[in-house]
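Asker: The structure that follows is given in the form of structure tokens.
The values are calculated or read from the model by the stated rules, or taken from the named source; none is laboratory data. Since the structure is predicted, the reported quantities are computational estimates derived from the model, not experimental observations. With ideal geometry, Cβ positions are generated from the backbone for all residues, glycine too; neighbour counts draw on all protein chains shown.
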Amino acid sequence: MKKTGMKYLLFIILLMAVLSAGCIFVKNNNPPIPPTPQIVYVTVSPVSATQVSVNPPVTLNRMTEVVATIAVTDADLQVFRTHIDERAAQGFDISVAEAKYNEALQKIDSARSRTSNQVTEALADLKAASVAINDGENSLK
């Protein structure tokens, strides 16, 4: 009987040690982390052996703007292509329109190849592509 009582006593002491150590009931006292409103990309590039250039941060919103503008401009270019083909079938001179189409295509491809720290240049390429498409459409009238 003495051995059984010791076993229970040992069990109770062990249980109290585990409970008081917090191994079973762990409470997280850290405050919740608020969600990040936007992701910021910062690129660092070496200028020389002693200098480093930190390019301005580009937010994900600006990159999303570039991707969306590429999609819209590319769709406009496809519509322009159908207009060129229609006019060619009608016997119109489409040489100016073809040149503007190729110019716009080159600018869209250039915007696609830009990196995240070249958002301004990508948007400028897309604006130039839109101008070329509009000029080409006007040449078909």
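Asker: Taking the range 115-131 only, how many residues are closer than 11 Å to V67 by Cα and buried (at least 18 other Cβ atoms within 10 Å of the Cβ)?
Answerer: 3
Rundown of residues vs (1) more than 32 Å from the chain's Cα centre (by Cα); (2) more than 13 Å from A128 (Cα to Cα), yes/no style:
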{"residue": "D74", "(1), (2)": "no, no"}
{"residue": "R81", "(1), (2)": "no, yes"}
{"residue": "E86", "(1), (2)": "yes, yes"}
{"residue": "G91", "(1), (2)": "yes, yes"}
{"residue": "A97", "(1), (2)": "yes, yes"}
{"residue": "L105", "(1), (2)": "no, no"}
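Asker: Condition check: closer than 18 Å to M63 by Cβ and without any contact (Cβ under 8 Å) to a residue 60 or more places away in the chain. Does K127 satisfy that?
Answerer: Yes: the conditions hold for K127.
Asker: Return the pair list, or none, for Cβ contacts closer than 7 Å from residues in the range 90-112 that are without any contact (Cβ under 8 Å) to a residue 60 or more places away in the chain and of a type in the set (D, E) to residues that are in a helix (DSSP H, G or I) and buried (at least 17 other Cβ atoms within 10 Å of the Cβ), at least 6 apart or on different chains.
Answerer: These pairs meet every condition: E98/I84; E103/A132.
Quick grid of which residues meet (1) within 19 Å of L140 (Cα to Cα); (2) at pLDDT 95 or above; (3) out of contact with any Asp or Glu (no Cβ under 6 Å at 6 or more places or on another chain):
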{"position": "I39", "(1), (2), (3)": "no, no, yes"}
{"position": "T50", "(1), (2), (3)": "no, no, yes"}
{"position": "R62", "(1), (2), (3)": "no, no, yes"}
{"position": "I70", "(1), (2), (3)": "no, no, yes"}
{"position": "A75", "(1), (2), (3)": "yes, no, yes"}
{"position": "Y101", "(1), (2), (3)": "yes, yes, yes"}
{"position": "S116", "(1), (2), (3)": "no, no, yes"}
{"position": "A122", "(1), (2), (3)": "no, no, yes"}
